[in-house]
Amino acid sequence: MWIPLLVIVVLVLLYRWHLQSQILENLSDKYVFITGCDSGFGNVLAKQLDKRGMKVLASCLTEKGAANLKKEASSRLQTVILDLADGESVSSAAKWIANIVGDHGLWGLANNAAFGFTFGPNAWQTRADVAKVVNINLVGLFDMTVQLLPLIIKAKGRIVNTSSCGGRIANVGGGYCPSKFGVEAFSDSLRRELRDFGVKISIIEPGGFRTPLGSAEPHLKNLERVWSNLNPDLKTYYGEQYYHQYGQGLKSLLGGCSPKLHIVTDCLEHALTAVHPWTRYSPGWDCKLYWLPLSYLPTVLADYVLCRSAPKPAKAVM
């Protein structure tokens with residue numbers, strides 16, 4: 001009984017491997033635009049695709065980031081300064097891209113830039129805190145994508161949006177997870193809208209990786225800021241011990257981040273260069289073995305798992 005089942009499983013895995021191993025031809029003719037290339041995934045991906053011979057257009061937030069990237073890449077790679085929080089900057093970058101690619105169109109858009117130093121209890125956040133991260137991670141991504149759609153449709157190309165395991169289950173408070181849930185929803189709806197144009201859309205949902213966003217110090221500084229500005233009544237409800245325990249929790253969460261950024265950029269590259277890209281990629285064992293399975297549990301069980309080690313407020317109802 002088990003042998004036929006095992007044979008079926010092996011055949012399915014072999015067929016899946018065969019599909020994912022097929023890579024497009026003429027990669028050197030294709031333009032790819034990547035956001036967030038100062039550091040982290042975007043920086044690694046830009047150099048990775050440049051080595052493959054693709055025509056990489058990379059956006060950086062700073063002149064220093066752009067200059068450093070150019071030093072490590074070929075003369076093919078071109079950079080532009082982009083602030084996703086600024087609509088005029090997005091429009092300017094879109095025009096710059098259109099002038100370069102011309103009638104070729106834009107084969108690939110990798111929306112990678114993100115801001116996330118807002119981890120903390122929701123009750124400690126302000127409207128400005130949430131607006132900043134959502135404006136970059138979701139509104140800016142939406143704006144950049146829509147402005148480039150005519151070029152992507154012309155090339156029958158690809159859109160790859162970097163979300164997070166936090167876009168499948170909200171594991172921290174603040175605007176980061178809502179922004180990533182929004183990226184997931186936007187990607188899913190856009191994929192269905194553009195399928196008749198031959199445009200394929202993939203979502204990358206990394207676990208914890210040691211990018212600048214995975215560094216504990218900026219998160220702890222932000223936590224200290226929101227705690228110091230918190231309403232006195234809320235400070236009394238939560239208590240000083242809660243603040244310190246939350247900080248220790250962030251250290252533990254971020255301390256386990258993997259330094260192997262290529263695991264994520266390999267997924268990004270596959271989504272941009274494979275004949276049959278996947279709809280979703282979940283790089284990182286923490287994502288595959290913990291966060292994603294947790295997101296499929298009944299809510300009462302997921303809440304229990306996430307709350308059992310969470311700090312308890314001073315005025316908790318027992």
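Observations on the structure shown:
- Test: residue 280 is of a type in the set (D, E, K, R), in contact with a strand residue (DSSP E or B) (Cβ under 7 Å, 6 or more places away or on another chain) and at pLDDT 95 or above: yes
- Scanning the stretch 148-174 for residues that are in contact (Cβ under 8 Å) with a residue 60 or more places away in the chain, closer than 19 Å to residue 200 by Cα and assigned to a helix (DSSP H, G or I) yields 148, 155.
- Residue in the stretch 105-116 that is farther than 23 Å from residue 45 by Cα and either open to solvent by 30 Å² or more (accessible area, probe 1.4 Å) or not acidic (Asp, Glu) (or both) present: no
- Test: residue in the stretch 124-133 that is within 13 Å of the chain's Cα centre (by Cα), in a helix (DSSP H, G or I) and over 22 Å from residue 274 (Cβ atoms): yes
Results for (1) within 30 Å of residue 155 (Cβ to Cβ); (2) part of a loop (DSSP other than H, G, I, E, B); (3) free of Cβ contacts under 8 Å to residues at least 60 places away in the same chain, shown as yes or no for each residue.
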{"site": "263", "(1), (2), (3)": "yes, no, yes"}
{"site": "277", "(1), (2), (3)": "yes, yes, no"}
{"site": "309", "(1), (2), (3)": "no, yes, no"}
{"site": "314", "(1), (2), (3)": "no, yes, no"}
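- Which listed residue, of 46, 73, 66, 58, is in a loop (DSSP other than H, G, I, E, B), surrounded by 12 or more Cβ atoms within 10 Å (Cβ to Cβ) and modelled with pLDDT of 95 or more: 73
- Qualifying residue in the stretch 283-298 (condition: assigned to a helix (DSSP H, G or I), under 30 Å from residue 23 (Cβ atoms) and aliphatic (A, V, I, L, M)): yes
- Cβ pairs under 9 Å, 6+ apart, first in the stretch 175-203 and open to solvent by less than 20 Å² (accessible area, probe 1.4 Å) and in a helix (DSSP H, G or I), second at pLDDT 95 or above and of a type in the set (Asp, Glu): 180/205; 184/205
- Test result for residue 221, open to solvent by 50 Å² or more (accessible area, probe 1.4 Å), within 28 Å of residue 248 (Cβ to Cβ), in a helix (DSSP H, G or I) and of a type outside the set (Ser, Thr, Tyr): yes
- Restricting the stretch 1-43 to residues that are among the hydroxyl-bearing types (Ser, Thr, Tyr) and assigned to a helix (DSSP H, G or I), the residue that is least open to solvent (accessible area, probe 1.4 Å) is 28.
- Residue 272 being of a type in the set (A, V, I, L, M, F, W, C), open to solvent by 60 Å² or more (accessible area, probe 1.4 Å) and not in a loop (DSSP other than H, G, I, E, B): no
Residue by residue, here is whether (1) in contact with a Ser or Thr (Cβ under 9 Å, 6 or more places away or on another chain); (2) at negative phi; (3) open to solvent by 40 Å² or more (accessible area, probe 1.4 Å) holds:
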site: 206; (1), (2), (3): yes, yes, no
site: 231; (1), (2), (3): no, yes, yes
site: 234; (1), (2), (3): no, yes, yes
site: 237; (1), (2), (3): no, yes, yes
site: 240; (1), (2), (3): no, yes, yes
site: 247; (1), (2), (3): no, yes, no
site: 250; (1), (2), (3): no, yes, no
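- Matching residues in the stretch 134-190 - criterion: being more than 28 Å from residue 286 (Cα to Cα) and among the charged types (D, E, K, R): 143, 154, 156
The values are calculated or read from the model by the stated rules, or taken from the named source; none is laboratory data. Note that the structure is predicted; figures quoted are calculated from it, not measured. Neighbour counts run over all protein chains shown; Cβ positions are idealised from the backbone, glycine included. The area values use the complete protein model at the heavy-atom level, side chains included, leaving out ligands, DNA and RNA. Shrake-Rupley method; radii C 1.70, N 1.55, O 1.52, S 1.80 Å.
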